[in-house]
Amino acid sequence: MRTFSLPTTVARVYTVWFRGGERRQRFELAVSDDGQSWQTIFDGTSSGNTTGPEPCPAKPFTARYVRLTGHGNTINRWNSLGEIIFLAEQVACAENARTTGASPTRRL
């Protein structure tokens with residue numbers, strides 16, 4: 001579980017899996033403001049095509065807590081998450097990104 005000090009707006013989530021280029025991982029992401037009541041924002045699988053960061057198709061959200069629950073992979077019932085990356089939009093940088101090609105996000 002990832003706990004932010006305050007409710008935080010997350011624009012994108014990326015996951016990195018052990019043997020991510022060989023196995024599809026089944027998992028779900030849920031968010032909460034209080035750590036008690038949870039809303040599932042993604043329930044599905046990774047592509048199984050990359051060992052690098054892979055975007056999770058969850059829509060942007062604002063929450064204090066994020067929970068990833070693994071449900072196994074295409075080989076066995078284990079999940080081996082190497083990293084989870086949360087990116088936040090930086091509205092002030094959006095114009096700069098359009099003119100320079102830089103990414104209008106920051107890593108949380």
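A few notes on this one:
- Of all residues making up the stretch 19-34, the number that are over 19 Å from ALA58 (Cα atoms) and small (Gly, Ala, Ser): 1
- Within the stretch 22-52, being surrounded by 13 or more Cβ atoms within 10 Å (Cβ to Cβ), assigned to a loop (DSSP other than H, G, I, E, B) and either on the phi > 0 side of the Ramachandran plot or free of Cβ contacts under 8 Å to residues at least 24 places away in the same chain (or both) holds for one residue alone: GLY48.
- Residues of the stretch 53-86 satisfying the condition of being within 20 Å of ASP33 (Cβ to Cβ) and assigned to a loop (DSSP other than H, G, I, E, B): ALA58, LYS59, PRO60
- Some residue of the stretch 59-76 being farther than 19 Å from ARG107 by Cα and aromatic (Phe, Trp, Tyr): no
- Some residue of the stretch 14-21 being farther than 18 Å from HIS71 by Cα, out of contact with any His (no Cβ under 8 Å at 6 or more places or on another chain), of a type in the set (Ser, Thr, Tyr) and surrounded by fewer than 17 Cβ atoms within 10 Å (Cβ to Cβ): no
All of the numbers you see were taken from the coordinates with simple rules; none came from a lab. What you see is a predicted model, and the numbers here were worked out from it, not measured in a lab. Here Cβ is always computed from backbone atoms with ideal geometry, including for glycine, and neighbour counts include all displayed protein chains.
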